[in-house]
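Enquirer: Before we start, here is the structure in question, set down as structure tokens.
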Amino acid sequence: MDRRYQGQRRQKISSASSSFNSSTGLRSNETRNTKVSNSSRNNPKNEDNSINAHSGRNKPQEDEVQAEAVVGTCPFMCPEDERIQRQRLRDLAVFERLEGDPRKSSPALAVKKFCRTMSAKQVRASEVRPLPVLEDTLNYLLNFLDSKEHPFDVIHDFVFDRTRSIRQDLTMQNIVNDRVVYMYEKMVKFYVIAHHKLRSSCTGSSIASMRYLNLEQLTKALTSLYNLYEANWGSNSPFRNEAEFYSFYVLLHLDSNVQATGESLSLWFRRVPSPIIKSREMSFAREVLRYFRMGNYKRFLCAAAEASYLQYCIIEPYIDQVRALALCCINKCGYKLHPYPLMHLSELLMMEESDVDLFCNACGLETCTDEVGNRLLPTKQTTFNCPPEGFQRYSFLGLQQLERQIASFTI
């Protein structure tokens, strides 16, 4: 590892540990402490930062406050006063109701809600949960992801709000240690998995809004996590999962026309630690980015098969876009007198042959059968058009390599 880089990291650790929120010039949508040194760019607890880390902007939000850090003393997942008030107002989520009664809850069920107008200047220590309680609360919330009793969008709505509240309590207390790093890693994993599940398993007019908000919080939590990594980095090696979590930033910027990138990736890469840039996870992300931008569909799909489960959750929406590009090229460049076999197309697109037939039809192309029963795609068709409502979920043969990961995956 570069000794000069190690020395720079050591110098930043001491300054970051003295204040949880150093000034980075980033946007914040949740409570944060601004009584910090402007000389440091570490801001691990600016909970609601934009994904555009180190962008040089400082735009206060409506829920931003200025106050000294507090030391939480609340022993419960939800402060007692809030729980009593919400019982009276019948403001209890389905997971918080005692025996299903919307007017009753208990300390073992109620979880503190996120409050946009909460002011650390006025908040009492008894209303803020200390780190051990926050850790237990997060683990309690994440257990709901395995529940089959409720649709995922209902589970997501509850966990999404309550994890924002956890980040808010962490922000007000300005805690910087590796335990907070692990908490943020768990919350980022939740947002990544939700990013995938909301797209693949949920339908309805409200899902698009939920996906947008989830992506917004994912990017902000990632920025806080990167700053936490920087504040807690030791002199020997990065955190175990640091390289993979850095790769998420790149994968979230695959399509520059869709994602609000802000600071260019070329500038962002300059600030990424050298060991992370050289890691296998970041090399994978950069390859996928390059193949996607170049339109190299064959290499993109082959590379996608090497993704980790969390990386796949991010790039999965782009797989069908790349397949449509491949189908468009084959349709335009093929010989009209020589239809393209769906068996070969299946290998190229890394999907089941039966799904290839459906995929061609979804893109406005007709298929046929030859005299021996082989399915074929006649080329030079003028009806190619990607479905405006998007693609349904198709098989991905590369996903077979992820089955073991998925089976053993835990947050």
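Throughout, read-outs are computed from the coordinates displayed, never taken from laboratory work. Values in this document were obtained by computation on a predicted structure and should not be read as measured data. Please note: Cβ atoms are built from the backbone with ideal geometry, for glycine as well, and neighbour counts cover all protein chains shown.
Enquirer: With a ≥ b ≥ c the root eigenvalues of the C-alpha gyration tensor of the range 76-150, is it rounded (a/c under 1.5), prolate (a/b larger than b/c) or oblate? Don't skip to the answer; put the middle values down first.
Expert: On the way: a/c = 2.08, a/b = 1.28, b/c = 1.63.
It comes out oblate by the Cα gyration axes.
Enquirer: Quickly rank 322-333, 375-386 as a protection proxy: mean count of other C-beta atoms within 10 Å, highest first. Let's see the in-between values first.
Expert: Values: 322-333: 17.8, 375-386: 15.1.
Result, highest mean first: 322-333, 375-386.
Enquirer: Quote to one decimal, in nm, the extra length available between Phe384 and Lys278 on full extension: 0.36 nm per residue of separation minus the C-alpha distance between them. Present the calculation step by step, with values, prior to reporting the outcome.
Expert: Numbers: separation 106, 0.36 × 106 = 38.16 nm, distance 4.09 nm.
Separation in residues times 0.36 nm, less the Cα-Cα distance, equals 34.1 nm.
Enquirer: Karplus couplings for the range 83-95 from phi (6.51 cos²θ - 1.76 cosθ + 1.60, θ = phi - 60°), rounded to Hz, Gly and Pro as x?
Expert: Karplus values, whole Hz, x for Gly and Pro: 4, 5, 5, 5, 5, 5, 8, 6, 9, 10, 5, 4, 7.
Enquirer: Another question, then. Dipole of the range 96-136, Cα-centred, from +1 at each Lys and Arg C-beta and -1 at each Asp and Glu C-beta, to the nearest 20 debye? Provide the component values of the computation, followed by the final result.
Expert: Details: 9 positive and 6 negative charges, 63 e Å.
Magnitude of the dipole: close to 300 debye.
Enquirer: For the range 72-155, give the magnitude of the charge dipole about the Cα centre (Cβ charges: +1 Lys/Arg, -1 Asp/Glu; no others), in debye to the nearest 20. Don't skip to the end; give the middle numbers.
Expert: Working: 14 positive and 13 negative charges, 85 e Å.
In total the dipole reaches around 400 debye.
Enquirer: Going through the cross-link list Lys197/Lys332; Lys104/Lys220; Lys148/Lys189; Lys113/Lys220, which pairs have a Cα-Cα distance over 23 Å in this structure? Mind showing how you got there, number by number?
Expert: Working: Lys197/Lys332 34 Å; Lys104/Lys220 34 Å; Lys148/Lys189 19 Å; Lys113/Lys220 19 Å.
Listed pairs above 23 Å: Lys197/Lys332; Lys104/Lys220.
Enquirer: Separate question: Skipping prolines and chain starts, which residues have an amide H placed within reach, meaning under 5 Å, of the one on Leu98, given they are 5 or more residues away or on another chain?
Expert: Amide H neighbours of Leu98, under 5 Å, 5+ apart: Lys104, Ser105.
Enquirer: Along Cα→Cβ, 7 Å out, is where each label goes; now give me the distance between the ones at Tyr212 and Cys368 in nm to one decimal.
Expert: It is 4.5 nm.
Enquirer: For a test of the definition: using alpha carbon positions, the gyration tensor, and the 1.5 limit on a/c, classify the range 117-205 as rounded, prolate or oblate. Walk me through the numbers before you get to the answer.
Expert: Details: a/c = 2.32, a/b = 1.85, b/c = 1.25.
Here the range 117-205 falls in the prolate category.
Enquirer: OK, next. What dipole magnitude, in Debye to the nearest 20, does the range 251-343 give about its Cα centre under +1 on Lys/Arg Cβ and -1 on Asp/Glu Cβ? Let's see the in-between values first.
Expert: Numbers: 12 positive and 7 negative charges, 76 e Å.
With only Lys, Arg, Asp and Glu charged at Cβ, the dipole is about 360 debye.
Enquirer: Quick one: length gained pulling Cys328 to Asp81 fully straight, 0.36 nm per residue minus the C-alpha distance?
Expert: Details: separation 247, 0.36 × 247 = 88.92 nm, distance 6.05 nm.
Length gained, Cys328 through Asp81: 82.9 nm.
Enquirer: Positive end of the charge dipole of the range 125-228 (Lys, Arg +1 and Asp, Glu -1 on Cβ, about the Cα centre): tell me which of Ser126, Val176, Thr219 has its Cα farthest that way.
Expert: Of Ser126, Val176, Thr219, it is Thr219.
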